[in-house]
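Inspection log for the structure reproduced underneath, given as C-alpha cells.
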Amino acid sequence: MKKYLYELMTDQRKDWLAQIFKIVLLVLSFLYWAGIKIILWMYRQKILKTKRLPKPVISVGNITIGGVGKTPLVRLIATMFQYHSLKPVILTRGYMAKGTGSDEAEMLRSQLKDVPILVGANRYQVAQDFLRANRADIFILDDGFQHWSLLRNFNIVAIDSTRPFGNLFLIPRGILREPMDSLKRADIFILTKTDLGKENIKKICQKIKQFQPAAVIVETVHNPVALININNSGDRRDTSAISGHLACLFSGIGDPRSFEGSVESLRVDIKKHFIFMDHHCYSKDDIERIVHYCRVHNIKTLITTQKDAARLPGLLHLFSRELNVFILEIEMKILKGEQDLEKRIFYFLDR
C-alpha cells in the first residue's frame, strides 16, 4: 500500500484508477496545506510558543519526503564544527522501536564516535536534560525544518538535485512537506547528488532565488569512500575491491536509485536490486529470499547501505558464509560553495 501511494504521489501511476485516487489525494493535500498555514500563522502570532535553548541551534532539514541525503550532511556539518574545536551535539527523532533510536541515529553513532547523538520526540527537553551534566557548544537539529517548536539560529535545507520538488503538490498528492514559499525561512541550501541531477541545477537555483535571493547555495555529491564487510568482523576495504564483480543490492531507503548509481560508479555489474520501502524493518524471510537468489544465480557479492545495516543486527547469521556482504560507506563531498557555507554559518554564530 505504501509503495502504491508513493507511486501516486510521484506520478508513476497513470491509469484511470490512479487518476481517481489522485483527485482524492489532491483534496487531502488542500486540507494539509490549510493546516500547515494555520500552524505557521499561530507560531508567527505567538499563539504557539517556540522554545529557546541556551546554546546555538542549527537545523538541517528538507522540504520533501524521501531520501535527500540529510544524514551525510549532518555528519559533514558536525565534522566541520569539530575541525573548528567546537563540541556539537546532534538532536534527532527516532523512528524505530522505543529505545533503539533510528537507523539514521545508529548510522551517525557509528561514524561520529565523539559526538553525542540524542534521540527523542521532545528535542528541547532532551537537550535541556543533556546540558544539566554535559557541555555542548552547538546543537544540530536533524530533520528539523518542520520542527517549528524549537527556535534555531539558522536553517540549512537539503534539496535532491534528481527530484527537487516533485510535482509541486503537497503530501499526500505530492512529495512536498510544506508550500514552496516556506523556502523563505532557509538560510543555506545544499544541493545533493548534483552529479546525477546536473541538468536540474540551473532551474533549482532559479527557483530558490525566487523565494530567498540572498541564499547561499552549495553543490555536493555522494562520494563512495569504503566498503565494510559485515560478515567478516567489519573488515574495511577500498571501493576498488568490488570493481568488475557481479553483485546484488538490497536497500530500504528514500532514494534507492542514488545508491544504485553509486554502486554502478564503482564498475560493478548489478544483477538485481532488492528494493524495500524507506525505514523497512528486515525480517528473516527477507534475508532468506535475498540469500536464496544469490545462491541460485551464483552471486558472491551482496551490497547494502549504512542505514540498512543499522537494521540488520540479529539477522547477520542468516547470510551464508560464501557471500561477501558489504556496506557501502558514503561521504558527502562539496564541489562548490564550501567557503560560502562556512562563512555564513560562523557569521550567524557570531551574531
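The values are calculated or read from the model by the stated rules, or taken from the named source; none is laboratory data. Predicted model only: the values in this text are computed from it and were never measured. Positions of Cβ are generated from backbone atoms using ideal geometry, with glycine treated the same way; all protein chains shown enter the neighbour counts.
Within segment 137-155, the set of residues being surrounded by 21 or more Cβ atoms within 10 Å (Cβ to Cβ) and of a type in the set (Phe, Trp, Tyr) comprises 139, 145. Going by the structure shown, is residue 274 surrounded by 21 or more Cβ atoms within 10 Å (Cβ to Cβ), touching a residue at least 12 places away in the same chain (Cβ under 8 Å) and either within 19 Å of the chain's Cα centre (by Cα) or not in a helix (DSSP H, G or I) (or both)? No; evaluated as a whole, the condition is false for this residue. Within segment 233-254, the only residue that satisfies the criterion of being of a type in the set (S, T, N, Q), surrounded by 13 or more Cβ atoms within 10 Å (Cβ to Cβ) and not in a helix (DSSP H, G or I) is 251.
For residue 341, the conditions (1) crowded, with 19+ Cβ neighbours inside 10 Å; (2) in a helix (DSSP H, G or I); (3) not assigned by TED's automatic domain parsing to the domain that holds residue 218 all hold with the exception of (3).
Number of residues in segment 316-338 that are among the acidic types (Asp, Glu), more than 30 Å from residue 53 (Cα to Cα) and surrounded by 15 or more Cβ atoms within 10 Å (Cβ to Cβ) equals 1.
Scanning segment 156-170 for residues that are more than 13 Å from residue 198 (Cα to Cα) and buried (at least 21 other Cβ atoms within 10 Å of the Cβ) turns up 156, 157, 158, 170. Beta carbons closer than 8 Å, at least 6 apart along the sequence or on distinct chains, pair a first residue in segment 66-87 that is in the same structural domain as residue 162 (by TED's automatic domain parsing) with a second that is of a type in the set (A, V, I, L, M, F, W, C) and in a loop (DSSP other than H, G, I, E, B) for 66/175; 67/253; 75/112; 78/112; 78/115; 79/112; 82/115; 87/136.
For segment 151-190, filtered to residues that are touching a strand residue (DSSP E or B) at 6+ places or on another chain (Cβ under 7 Å) and β-branched (Val, Ile, Thr), the residue that is farthest from residue 58 (Cα to Cα) is 175.
Given the criteria surrounded by 14 or more Cβ atoms within 10 Å (Cβ to Cβ) and free of Cβ contacts under 8 Å to residues at least 24 places away in the same chain, does residue 260 qualify? It is true that residue 260 is surrounded by 14 or more Cβ atoms within 10 Å (Cβ to Cβ) and free of Cβ contacts under 8 Å to residues at least 24 places away in the same chain. Restricting attention to segment 24-36, the residues that are of a type outside the set (Phe, Trp, Tyr) and surrounded by 13 or more Cβ atoms within 10 Å (Cβ to Cβ) total 5. Among the residues of segment 174-194, those that are without any contact (Cβ under 8 Å) to a residue 40 or more places away in the chain and of a type outside the set (Lys, Arg) comprise 181, 189, 191. When you check residue 266 against the structure, is it in contact with a Pro (Cβ under 8 Å, 6 or more places away or on another chain) and either within 23 Å of residue 107 (Cα to Cα) or touching a residue at least 60 places away in the same chain (Cβ under 8 Å) (or both), yes or no? Yes: the conditions hold for residue 266. Among the conditions (1) assigned to a helix (DSSP H, G or I); (2) within 30 Å of residue 56 (Cβ to Cβ); (3) charged (D, E, K, R), residue 331 misses just one, which is (1). Quick check: anything in segment 303-316 hydroxyl-bearing (Ser, Thr, Tyr) and more than 17 Å from the chain's Cα centre (by Cα)? No.
Every test in (1) buried (at least 19 other Cβ atoms within 10 Å of the Cβ); (2) part of a loop (DSSP other than H, G, I, E, B); (3) modelled with pLDDT under 95 is passed by residue 100 save one, and that test is (1). Given the condition in a strand (DSSP E or B), more than 19 Å from the chain's Cα centre (by Cα) and either at positive phi or free of Cβ contacts under 8 Å to residues at least 12 places away in the same chain (or both), answer yes or no: does some residue in segment 211-228 qualify? The answer is no; no qualifying residue exists.
Please go through segment 212-230 and give me each residue that is exposed (fewer than 15 other Cβ atoms within 10 Å of the Cβ), closer than 30 Å to residue 168 by Cβ and at pLDDT 90 or above, ordered by number.
Answer for segment 212-230, where residues must be exposed (fewer than 15 other Cβ atoms within 10 Å of the Cβ), closer than 30 Å to residue 168 by Cβ and at pLDDT 90 or above: just 213.
The condition of being closer than 28 Å to residue 241 by Cβ and outside any strand (DSSP E or B) holds for only one of 281, 294, that being 294.
Which of the residues belonging to segment 58-76 are surrounded by fewer than 22 Cβ atoms within 10 Å (Cβ to Cβ) and of a type in the set (A, V, I, L, M, F, W, C)? Answer for segment 58-76, where residues must be surrounded by fewer than 22 Cβ atoms within 10 Å (Cβ to Cβ) and of a type in the set (A, V, I, L, M, F, W, C): 65, 76.
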